There are 2 protein chains.
Amino acid sequence: MNTQPIIKHFSTYLPLNQQEIAALESAIIERNIKRKQFILQEGDICKHYTFIVQGCFKMYKVDNYGNEHNLQFSTEDGWIGDLGSFYSEKKSELYIEALEPSIIFQIAKPDLLHLFTNHPKFNIKFRVLVENAFIQLQKRILQNISSTAEERYVDFIANHPGLFNRISNVQIASYLGITPEFLSKIRKELASK
Amino acid sequence: MNTQPIIKHFSTYLPLNQQEIAALESAIIERNIKRKQFILQEGDICKHYTFIVQGCFKMYKVDNYGNEHNLQFSTEDGWIGDLGSFYSEKKSELYIEALEPSIIFQIAKPDLLHLFTNHPKFNIKFRVLVENAFIQLQKRILQNISSTAEERYVDFIANHPGLFNRISNVQIASYLGITPEFLSKIRKELASK
DNA sequence: AAAGAAGCTTAATATAGATTAAGACTTTAT
DNA sequence: ATAAAGTCTTAATCTATATTAAGCTTCTTT
């Protein structure tokens, strides 16, 4: 198991010493995930924090009409998981599914709590991780309550230059909260400008 | 200065010892805020984490057309602040304004970082605070991309039983991302059901 | 007490975005 | 290699929500 990607991920923010690296390595499990494979399904309890070494995932909810609504995408060097379910240990309402063949590292809750207790640095790193994710979500909420679909699409493309060539417009529409047909219309209008 | 409310707030989650209470007390500044008074304005850097002892605040953005969009309300026993500006030390795009005469405790950034470094318990508490806020925001995003305005209003009322009698419908409409006129129409339809 | 500001509602009209349906194209699985 | 599944687009029609404007009511300030 090549743990370099996650060690690098942590060390960029706060360098880890040998002890901390060893503790981290003993907490992670490597998994290979196929395209379309789920790592979380509605009704499951989310038991792991997942770090993506390679690949791409979507996290979404299926509503009462069977429609999917994408809450989040994550790729290399990012994290994914249903924090609500993870901490409350209640059933999740979300699915997490691989959009590409992927390699992930997972940390189970007891192992994460052990890291928090014995190596304060991880506590800090995860506080900062969640703070940053929170700040991003706030921006998205503001956009959702104050911008048109076209503005949101333009902004999504600008802020996710990597993703745009990697996932389908159907997935992007679901993230923006619009139908694929309307996204197609928006793209046509933008092209003619 | 009666610091009981904030000590109780922390102790409910993780009891504080005498040392920690003393450290917390020396970090906080009490302020009385009048109705319509700002504790943050666009262009300011957010220098404090704010705990609300009594009263009610809204945090909002003013868009290019001069329209306000409410991102968050907070009341007694809650926190408010622009975390993005607080941690990045960049200018905020948000306003935080009292909707009622209020009493707050503020912790300046150096004092908070000092607490984080010297009393790990605060690190944990603030990680959990942000995690919970993050989980709530995720639910709100899901609702925004998957529900009608009527569903969002019904849900807002159900989840904020205290607020509903306390703030105007204009403020609620701004939070939901709709116009006050349309909210009025929704309320009429709900009443006739 | 009076004046002004803010809040709530109604209604007519306009627009953003959804729905339905269909056809062409591309990718994936057998 | 072929069928099946998924993708993208177009267009017609429909619906949710915005805009504008007006009138009435309730707070807030002097």
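Take residue B:77, push a point 7 Å out from Cα through the beta-carbon direction, and compare it with the same point in every other copy: 4.2 nm, smallest first. Compactness of the protein assembly as shown, taken as the C-alpha radius of gyration over 2.2 N^0.38 Å, stands at 1.03.
Convert 37 °C to kelvin, take the viscosity as 0.692 mPa s, use the Kirkwood radius over C-alpha pairs of the stretch A:129-193 as Rh, and evaluate the Stokes-Einstein diffusion coefficient in µm²/s, rounded to a whole number. In µm²/s, the coefficient rounds to 261. Can you send over the carbon and sulfur percentage of the accessible area for the protein assembly as shown, probe radius 1.4 Å, protein chains only? Exposed carbon and sulfur together represent 51 percent of the surface. In chain B, the calculated helix contribution to ellipticity at 222 nm averages -15000 deg cm²/dmol per residue, counting -39,500 (n - 2.57) for every DSSP H run with n ≥ 4.
Expressed as a whole percent, how much of the Cα-Cα distance distribution for chain B exceeds 30 Å? Here the long-distance tail beyond 30 Å is 25 percent of all Cα pairs in chain B.
So what is the relative contact order for the stretch B:1-146, in percent, with contacts set as C-alpha pairs under 8 Å and at least six apart?
Details: 237 pairs, mean separation 44.0, N = 146.
So the answer I get is 30 percent.
Using only Cα atoms, find the angle between the long axis of helix B:18-27 and the longest principal axis of chain B, and express it within 0 to 90 degrees, rounded to the nearest 10. In chain B, helix B:18-27 runs at an angle near 60 degrees to the longest axis. The angle separating the long axis of helix A:109-118 from the principal Cα axis of greatest extent in chain A is about 60 degrees. Cross-link reach is defined here as a Cα-Cα straight distance under 14 Å, omitting same-chain residues fewer than 8 places apart; for residue A:34 the aspartates and glutamates meeting it are A:97, A:100.
Could you please state, rounded to a whole Å, how far the C-alpha centre of the stretch A:172-193 is from the C-alpha centre of the stretch B:6-65? Computed from Cα coordinates, the inter-centre distance equals 41 Å.
Axis angle, to the nearest 10 degrees, between helix B:149-159 and the longest C-alpha principal axis of chain B: 40 degrees.
The value for the stretch B:58-172 of Rg(Cα) / (2.2 N^0.38 Å) is 1.21.
When residue A:151 is represented by a point 7 angstrom out along its Cα-to-C-beta vector, the spacings to that point in the other copies are 2.4 nm, nearest first.
So how much accessible surface do B and A hide from each other in total, probe 1.4 Å, in square angstrom to the nearest 100? Before the final figure, lay out the partial values.
Values: alone 11250 and 11250 Å², together 19430 Å².
It comes to approximately 3100 Å² buried between B and A.
Please give the per residue accessible area of the stretch A:4-121, computed with a probe of 1.4 Å over protein heavy atoms only, in Å². On a per-residue basis, 50 Å². Legend: P(r) of the stretch B:97-162 from all alpha carbon pair distances, 10 Å bins from 0, whole percents, reading 16, 29, 31, 21, 4. Which far-off residues, 5 or more places away or on another chain, put their amide H under 5 Å from the one on residue A:100, with H placed in the peptide plane? So residue A:100 has HN proximity to A:36, A:56.
Solvent exposure of residue B:79, expressed as accessible area, is near 30 Å², computed with a probe of 1.4 Å over the protein chains only. Counting Cβ atoms of other protein chains within 10 Å of each Cβ in A:142-149 and taking the mean gives 6.
Inter-copy label distances at residue B:38, using a point 7 Å along Cα-to-Cβ, come to 4.9 nm with the shortest given first. Accessible area of residue B:82 (1.4 Å probe, protein heavy atoms only, ligands and nucleic acids ignored): about 20 Å².
The values are calculated or read from the model by the stated rules, or taken from the named source; none is laboratory data. Note that the structure is predicted; figures quoted are calculated from it, not measured. Reconstructed Cβ throughout: ideal geometry from the backbone, glycine too, with neighbour counts over all protein chains shown. The accessibility values were calculated without ligands, DNA or RNA, using every heavy atom of the protein model including side chains. Shrake-Rupley method; radii C 1.70, N 1.55, O 1.52, S 1.80 Å.
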